[in-house]
Amino acid sequence: MATRQAMEQFLTQCKETLHSAEEQYKEASTQEHDNDTKFTQSQFMLEQTLNDLDKLSHSANAQQKEQLRRMKLQIQQMQNNMILLEH
């Protein structure tokens with residue numbers, strides 16, 4: 001079972017990754033996307049976070065799995081938004 005502290009730290013990391021990706025998305029949607037490196041790095045971090053989330057979910061209890069499932073949906077939505085952004 002994943003410890004409470006490990007879950008809290010991971011969910012905080014997920015939120016920070018999402019926040020960073022949201023900033024890059026907003027910047028890219030208002031500009032001609034001059035900074036592809038940061039945008040691409042944000043996409044990579046989202047993917048890495050999803051991979052880590054899947055690993056952690058194997059050792060999570062039912063309540064933790066639900067928290068992780070909800071976070072996964074948010075991350076996947078952000079990934080979709082970034083992929084579909086026309087720039």
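The values are calculated or read from the model by the stated rules, or taken from the named source; none is laboratory data. The structure presented is a predicted model; accordingly, all values stated were derived computationally and were not measured. Glycine also receives a Cβ, built like all others from the backbone with ideal geometry; neighbour counts cover every protein chain displayed.
Some observations on this one:
- Flag for L73 being loosely packed, with under 15 Cβ neighbours inside 10 Å, part of a helix (DSSP H, G or I), of a type outside the set (D, E) and modelled with pLDDT of 95 or more: yes
Here is a yes/no grid of residues against (1) hydrophobic (A, V, I, L, M, F, W, C); (2) over 13 Å from the mean Cα position of the chain (by Cα):
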{"position": "S42", "(1), (2)": "no, no"}
{"position": "M45", "(1), (2)": "yes, no"}
{"position": "Q48", "(1), (2)": "no, no"}
{"position": "K55", "(1), (2)": "no, yes"}
{"position": "Q63", "(1), (2)": "no, yes"}
{"position": "Q67", "(1), (2)": "no, yes"}
{"position": "R70", "(1), (2)": "no, no"}
{"position": "L73", "(1), (2)": "yes, no"}
{"position": "Q77", "(1), (2)": "no, no"}
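- Filtering E47, E23 for residues that are acidic (D, E) and modelled with pLDDT of 95 or more leaves a single hit, E47.
- Among residues of segment 76-87, those that are among the polar types (S, T, N, Q) and loosely packed, with under 12 Cβ neighbours inside 10 Å, counted: 2
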